[in-house]
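Okay, structure first, notes after.
The values are calculated or read from the model by the stated rules, or taken from the named source; none is laboratory data. From a predicted model like this one, the values you see are computed outputs, not experimental measurements. All Cβ positions, glycine included, derive from the backbone under ideal geometry; neighbour counts span all protein chains shown.
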Amino acid sequence: MSDYIDELTDLFEAFSRFTETMKNAARNDMLQRHPFYNELVEELEEKEKVVDKLLNELSEKYKEAISDYVVDLKDMHYFEGDYFYMRGYSDCIRLFHRFNLLK
């Protein structure tokens with residue numbers, strides 16, 4: 001049973017690395033093909049610097065509340081992105097299976 005669990009763990013880790021590589025490739029492709037996205041990333045980085053300066057002017061209580069909110073928001077967006085990426089991937093596999101393209 002332990003060998004089976006080890007094999008599943010290895011498979012999961014390999015699949016995680018594979019999907020992470022695919023997501024990174026998709027993000028790089030998006031950066032190259034969509035100038036608006038690239039501009040948005042650059043603008044967001046500049047705005048983050050401004051927000052960091054403003055946060056430093058706030059009391060610890062407000063700074064912590066806003067920082068916690070931003071971290072949770074980023075985590076949620078990351079989770080949603082992963083979920084929808086994997087959902088698209090699994091939908092594609094199902095479609096291939098339904099059309100008998102997988103043997």
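Here are some notes:
- Test: Val41 is at pLDDT 85 or above, surrounded by 10 or more Cβ atoms within 10 Å (Cβ to Cβ) and part of a helix (DSSP H, G or I): yes
- Residues in segment 47-76 that are in a helix (DSSP H, G or I), among the acidic types (Asp, Glu) and loosely packed, with under 10 Cβ neighbours inside 10 Å: Glu60 only.
- In this entry, Met86 passes the filter for residues that are among the aliphatic types (A, V, I, L, M), assigned to a helix (DSSP H, G or I) and touching a residue at least 24 places away in the same chain (Cβ under 8 Å).
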